[in-house]
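One structure is given here, and the rest of the page talks about it.
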Amino acid sequence: MKTISVLKSVAIAAALVGASLSASAATTNLGTVSTSVPTSFGGYASGSISDIFTFSLPANSGSGYSVVNFPLSTSAGTFNLLLSGLALFSNADGIVGNTDDSYVTSATGNSNALSFSFANTPAGNYYLQVFGVTTGSLGGLYTGAISVTPVPEPETFAMLLAGLGVMGAIARRRKIQG
């Protein structure tokens, strides 16, 4: 009975490592980030981490970025890591590592989670770089997300102004009648 439990734990750990290895390329393209649903990413590493995730942002009124350690213990060992940096770069031509890459902002520290937000991020190509070092006997797993706040449509502002105008007219009418 105990042998079956150990075998299950080893099989789960091997499956996680195998799935993470296939998803942990040096550079991963996330495509265009949607304003309706956060875009998730993640990876596996053994040793140090310096993974890059490329993506395109639509016009927006702000964007948020986060990454967290995903600790996991099995009978075969542990997955754990220490995150040291999360950095955002703009990338006009979509090619990582050439002269048009520009640092935008970052979060640093030695922790299990890092995050930051950036207001009014222009539409275009970007990449996020995750830095850290694994501390688990089997390496480390992490997961993260990119979320984007949509730009309000002009009709939204027009409706807001119309509503304020109606409220002002009602207040004025009550004042005159009162």
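Bear in mind these aren't lab numbers, they're just calculated from the coordinates by the rules spelled out. No experiment lies behind these values; they were computed from the predicted model shown. Note that each Cβ is placed from the backbone with ideal geometry, even for glycine, and that neighbours are counted across all protein chains shown.
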Quiz prompt | Amide H within-cut-off set for Gly139, under 5 Å, with H built and near neighbours excluded | solution = Asn80
Quiz item: Convex hull volume of the Cα atoms in segment 27-174, per residue, in Å³?
Solution: 147
Quiz item: So how do 71-80, 90-99 stack up, highest first, on mean other-Cβ count within 10 Å?
Solution: 71-80, 90-99
